[in-house]
Every structure is written in structure tokens, then in C-alpha cells.
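Worksheet: one structure, shown below.
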Amino acid sequence: MRGTPSNDAPKPPPAPVLKARAVATQPVRTTASRFAKPKILIGETDAPKLGKGEAIRAQRDAFRAFMTKHRLRPTAWAREAGVAPGEILGFLTGQTRSIAPATLDKLAAVAKASPDDLLR
């Protein structure tokens, strides 16, 4: 042990007092995204319009619902109508975007419905 407890070591000079700086605050985020959310103006709102892909998907779903409602199987229905089963299956699986109007007429005649009923 060095020194004696009665000898106090010299105290360091007091630290200078610093003035507090104004800290710039960030606005509070309400989302985790760093991008601004687009604002919708009241007078400019409108229902979204169906794009071409959504319209084709709606036709495909309506065609599938018609087949389900009338208990039609694609291959048997195509055979009765005299069309290639691949036309129906291609449309149902999304490989083709549409069915030829002549094919729709033949399928509608066998199902005893109008061609518009197949796709609505």
C-alpha cells in the first residue's frame, strides 16, 4: 500500500460545463416501410377496373362453375360436341387464353345453353 490514508490525493480540476445542443428529432413512423404511403384524394377515388388477365380469369372461373353446376366432364363433353378435349383442358389450365367461338357454340348446343352462359 502506497501512501497513508491521511494523505488525500489531489483532486482533478472540475470538468467544464457543456451546453446542451438542440437535437433534431425524426418524425414518428407508423409503418415499417421507409417509403411514403400514397395519399388518396376523396374526389379521385374509383373502383379498380379489371385488367385483361383478371377478365380472362373470371371467364375461366365462370366456365368451370358452369361445368360443375351441370356435372360436365371435359373429355366426355368434348367428345359429344365433336371438339378436341385439349381445347377445354387448355382453357381450364390456363395454357390458352380463350376458346374459339365455334367451339363454344358446339359445347353450348350439347349443354342446351347459350354460348354466353358458358362464360358468365
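Going by average Cβ neighbours within 10 Å, how do the peptides 105-115, 18-28 rank, with the highest at the top?
On the way: 105-115: 16.0, 18-28: 5.2.
Sorting 105-115, 18-28 by mean packing, highest first, produces 105-115, 18-28.
Once both labels are modelled 7 Å past Cα along the beta-carbon direction, what's the Arg97-Arg34 spacing in nm?
Between Arg97 and Arg34, the simple spin-label model gives 3.9 nm.
Using 0.36 nm per residue of separation minus the Cα-Cα distance, give me the extension gain between Thr25 and Ala65 in nm, one decimal.
Gain in length upon complete extension: 8.6 nm.
Using alpha-carbon pairs under 8 Å, 6+ residues apart, how would you state the relative contact order of the stretch 52-118 in percent?
Dividing the mean separation by the residue count of the stretch 52-118 yields 31 percent.
If neighbour count is taken as other Cβ atoms inside 10 Å, put Thr103, Thr75, Thr31 in order from fewest to most.
Thr31, Thr75, Thr103
Only the coordinates and a few stated rules stand behind these numbers; no lab work does. In this text, all values refer to a predicted model and were calculated from it rather than measured experimentally. Positions of Cβ are generated from backbone atoms using ideal geometry, with glycine treated the same way; all protein chains shown enter the neighbour counts.
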